[in-house]
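Asks: Input: one structure, supplied below.
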Amino acid sequence: MNIVLVGNPNVGKSVIFNALTGRYVTVSNYPGTTVEISKGIGKFAGQKIQILDTPGINSLVPYSEDEKVTKDILSKSDVAAIVHVADSKNLKRSLLLTLDLMELKTPMVLNLNMADEAKEHGIKIDTKKLSEKLGIDVVETVAITGEGVGKLKDSIQRARVPQGLLSQGLVETHHFQRPMDIVSLNKKNKIIDNILSGVLTVSKHLKKSVAEAIGRITTRPITGIPFLIVILIIMYKFVGQFAAGTAVDFFEETVFGKYLTPFFVHLATRFIPINLIREFLIGDYGVISMAVTYAFAIIFPIVTAFFLFFGILEDTGYLPRLSVLSDRIFRVIGLNGRAILPVILGLGCGTMATLTARILDTKKERILVNLLLALAIPCSAQLGVIMGILGSMSRNATALWIGVILSVMIIVGFVSSKIIPGSRSPFIQEIPPIRMPQIGNIVTKTLARLKWYLKEAVPLFILGTIALFVFDKFGILKVIENIFRPIVVGLLGLPEKVTEVFIIGFLRRDYGAAGLFQLSKTGILDTIQILVSIVVITLFVPCIAQFFVTIKERGMKVAALIGGFVFVFAFLVGGVLNFVLRQLVSRGITVI
């Protein structure tokens, strides 16, 4: 039997889920869909019960696949109790969903989360009266601090079928399949007003908090754009300079350079007599000397820093504000501000972001976002490595890289929006309050994401290295280098060895970027070559995992068109950039 958490988006369901299960649980897809469901085990009076965290919904009328999945879960007979997690500050809106859930005649509990924020806004809720009217337990919590979680567990154990409104004649019993068709929104609002009478008190809120001030600043273009620039600079300093510079140098030169790599070389030389096996482990394309070193000495410190920074942005509530701020820009390319969410997630992992493009309402918008994710959005590890490379160059080089990528994104998006049939959907976004991030929650999420990195990315690094090893031994690598020589050497003006970077970049874009990182440190590339190569690797085809997910989401034809276009366009942009920079240098004009 399952306990199911249900609620509107941004009400803290995941934090309640973590508090009830005592640990962060890695999500998995709901059968037959790409919608993610979290499952965990909670202990109630010594008994273990499975808890499900469902996608955020606004009603039980399924408009999106997320809502269909939630409705399907609630329709099953194995639901022991429903925990409706609601935002205490938006009780009236939350009760609209409560009325829908009551029609299921399933034991339930109403959890008024974010109670501290409600009090800060002068909102007082008489939970005892509300419980009497609804006929179910009503529990206030502050999930991020754990306040009220113990009481919530007790209430879940005695969850009961709602009877209050039915017995008072305030609401009728309706068929689950068509709740909004039977009860009009106006009638529901009248019912809710009746419920809130004598329950909800809102005092005059005179004091404006710092959080509210930051909330206003981050959503207004005149102040929000400078604020965003400050955020990006901080991220650049933390991820690009500290993590990709100081931390990577320590791991690469000290941990691996002085201790681990010499240790494994000694072992392989002493105990492995077969030269081919030794090369497989510690050669130029060795699993230990290349794959493990890249994965842990270069990329691991960078993704750790990025995941920590991204977790802070998530927990503060800044990302939804960024969607409001970016709405005008996205309109130019046929999208709305909600597109910023998969784009931002793409900075974490392009594969996962491709899945989240499903939150967009129209097929046109989803294709556009998939195209932009494949073309111009580097994943966290790739972005971190690129920041590390740019950290050793001038600010002009960084500005030029950003300018090229953003220009490509806007131009391609604008042209594509005119070619791809369909229309842009209206922009509706709920804005949660700015909150103080909780260190424990950020660390927990970061550890979960690092677990994903170790499980999903590192094996692909090893696979890519093995592919390079085999290609090198059979002469395939040289053949590919010869085929792409006119492009890599002629058009881009890069050394032949960079071809290896592009080959392995298809398996993992971040792994390809790590190869460039190594080449830039050895001095093989000059300044122009470094800039051209990181522009091309940024725009280069998505990794194989993202490509397969694109096939699953959009179909083989669309995925092939996106992949083919990105492949050609990346080299074209790199060639133009190389030509322009070389021409400027020949005229004595220094740009980078």
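The values are calculated or read from the model by the stated rules, or taken from the named source; none is laboratory data. The shown structure was predicted, so the numbers you read here are calculated from the model rather than taken from an experiment. All Cβ positions, even for glycine, are placed from backbone atoms using ideal geometry, and neighbour counts span all protein chains on display.
Asks: Considering (1) of a type in the set (Ser, Thr, Tyr); (2) at pLDDT below 85; (3) surrounded by fewer than 14 Cβ atoms within 10 Å (Cβ to Cβ), say which one THR246 fails and leave the rest.
Replies: With (1) of a type in the set (Ser, Thr, Tyr); (2) at pLDDT below 85; (3) surrounded by fewer than 14 Cβ atoms within 10 Å (Cβ to Cβ) applied to THR246, the lone miss is (2).
Asks: Can LYS497 be described as at pLDDT 85 or above and out of contact with any His (no Cβ under 8 Å at 6 or more places or on another chain)?
Replies: Details: at pLDDT 85 or above: no; out of contact with any His (no Cβ under 8 Å at 6 or more places or on another chain): yes.
It is false that LYS497 is at pLDDT 85 or above and out of contact with any His (no Cβ under 8 Å at 6 or more places or on another chain).
Asks: Hey, another quick one. If you check every pair at least six apart or on different chains, which have Cβ atoms under 6 Å apart with a residue in the stretch 262-281 that is free of Cβ contacts under 8 Å to residues at least 60 places away in the same chain first and a residue that is assigned to a helix (DSSP H, G or I) and of a type in the set (Lys, Arg) second?
Replies: Final answer for the pair search is ALA268/ARG278; ILE272/ARG278.
Asks: Also: Output the residue which, of all residues in the stretch 377-399 that are crowded, with 24+ Cβ neighbours inside 10 Å and small (Gly, Ala, Ser), is nearest to PRO62 (Cα to Cα).
Replies: Per the criteria, the residue is SER380.
Asks: Taking the stretch 88-114, which residues are in contact with a helix residue (DSSP H, G or I) (Cβ under 6 Å, 6 or more places away or on another chain), farther than 20 Å from VAL161 by Cβ and surrounded by fewer than 23 Cβ atoms within 10 Å (Cβ to Cβ)?
Replies: Those that are in contact with a helix residue (DSSP H, G or I) (Cβ under 6 Å, 6 or more places away or on another chain), farther than 20 Å from VAL161 by Cβ and surrounded by fewer than 23 Cβ atoms within 10 Å (Cβ to Cβ): LYS89, LYS92.
Asks: Oh, and also: Can you pull out every residue in the stretch 116-128 that is touching a helix residue (DSSP H, G or I) at 6+ places or on another chain (Cβ under 9 Å) and not in a helix (DSSP H, G or I)? Before the answer, list the steps.
Replies: Narrowing the stretch 116-128 to residues touching a helix residue (DSSP H, G or I) at 6+ places or on another chain (Cβ under 9 Å): 116-121, 123-125.
Scanning the stretch 116-128 gives HIS121, ILE123, LYS124, ILE125.
Asks: Here is a further query. Taking the options ARG358, ARG328, ARG338, ARG366, name whichever one is in contact with a Pro (Cβ under 8 Å, 6 or more places away or on another chain) and either buried (at least 22 other Cβ atoms within 10 Å of the Cβ) or not hydroxyl-bearing (Ser, Thr, Tyr) (or both).
Replies: Matching residue, one of ARG358, ARG328, ARG338, ARG366: ARG328.
Asks: Next up: Mind telling me which of the residues ILE537, ILE528 ends up being crowded, with 16+ Cβ neighbours inside 10 Å, modelled with pLDDT of 90 or more, in the same structural domain as MET387 (by TED's automatic domain parsing) and in contact with a Lys or Arg (Cβ under 8 Å, 6 or more places away or on another chain)?
Replies: Details: ILE537 fails: modelled with pLDDT of 90 or more.
Testing whether each residue is crowded, with 16+ Cβ neighbours inside 10 Å, modelled with pLDDT of 90 or more, in the same structural domain as MET387 (by TED's automatic domain parsing) and in contact with a Lys or Arg (Cβ under 8 Å, 6 or more places away or on another chain) leaves just ILE528.
Asks: Additional query: Would you be able to tell me the number of residues in the stretch 577-592 that are touching a helix residue (DSSP H, G or I) at 6+ places or on another chain (Cβ under 9 Å) and modelled with pLDDT of 85 or more?
Replies: Of the residues in the stretch 577-592, the ones touching a helix residue (DSSP H, G or I) at 6+ places or on another chain (Cβ under 9 Å) are 577-579, 581-582, 585, 589-592.
Those still in the list that are modelled with pLDDT of 85 or more too: 577-579, 581-582, 585.
Matching residues across the stretch 577-592 total 6.
Asks: Filter the stretch 520-553 down to the residues that are in a loop (DSSP other than H, G, I, E, B) and either farther than 30 Å from GLU65 by Cα or more than 29 Å from the chain's Cα centre (by Cα) (or both) and list them by number. Spell out the reasoning first.
Replies: If we filter the stretch 520-553 for residues that are in a loop (DSSP other than H, G, I, E, B), which is where we start, we get 523-526, 540-543.
Hits for the stretch 520-553 are GLY523, ILE524, LEU525, ASP526, PHE540.
Asks: Given the conditions (1) over 27 Å from GLY198 (Cβ atoms); (2) outside any loop (DSSP other than H, G, I, E, B); (3) touching a helix residue (DSSP H, G or I) at 6+ places or on another chain (Cβ under 7 Å), and given that LEU74 satisfies all but one, which numbered condition is not satisfied?
Replies: It fails just one condition, (3).
Asks: Cβ-Cβ under 9 Å, sequence separation 6+ or interchain: first residue in the stretch 81-93 and under 19 Å from ILE191 (Cα atoms), partner part of a strand (DSSP E or B) and small (Gly, Ala, Ser). Which pairs?
Replies: ARG93/ALA86
Asks: So which residues in the stretch 129-152 are closer than 26 Å to ASN18 by Cα, among the charged types (D, E, K, R) and either outside the structural domain of LEU95 (by TED's automatic domain parsing) or not in a strand (DSSP E or B) (or both)?
Replies: LYS151
Asks: Next up: Of all residues in the stretch 40-51, which are outside any loop (DSSP other than H, G, I, E, B) and under 13 Å from ILE156 (Cβ atoms)? Give the derivation first.
Replies: Step one: of the stretch 40-51, the residues outside any loop (DSSP other than H, G, I, E, B) are 40-44, 47-51.
Within the stretch 40-51, GLY42, LYS43, PHE44, GLN47, ILE49, GLN50, ILE51 meet the criteria.
Asks: Here's another thing I want to ask about it. Among ALA399, ALA467, which is closer than 29 Å to LEU371 by Cβ, free of Cβ contacts under 8 Å to residues at least 12 places away in the same chain and not basic (Lys, Arg)?
Replies: The conditions single out ALA399.
Asks: Just to verify a result, which residue in the stretch 122-144, among those that are surrounded by fewer than 18 Cβ atoms within 10 Å (Cβ to Cβ) and not charged (D, E, K, R), is farthest from the chain's Cα centre (by Cα)? Show your work before the answer.
Replies: From the stretch 122-144, those surrounded by fewer than 18 Cβ atoms within 10 Å (Cβ to Cβ) are 122, 124, 126-129, 132, 135; that's our starting set.
After this cut, where a residue has to be not charged (D, E, K, R) as well, the list is 122, 127, 135.
Values: GLY122: 34, THR127: 36, GLY135: 39 Å.
Ranking the candidates gives GLY135 first.
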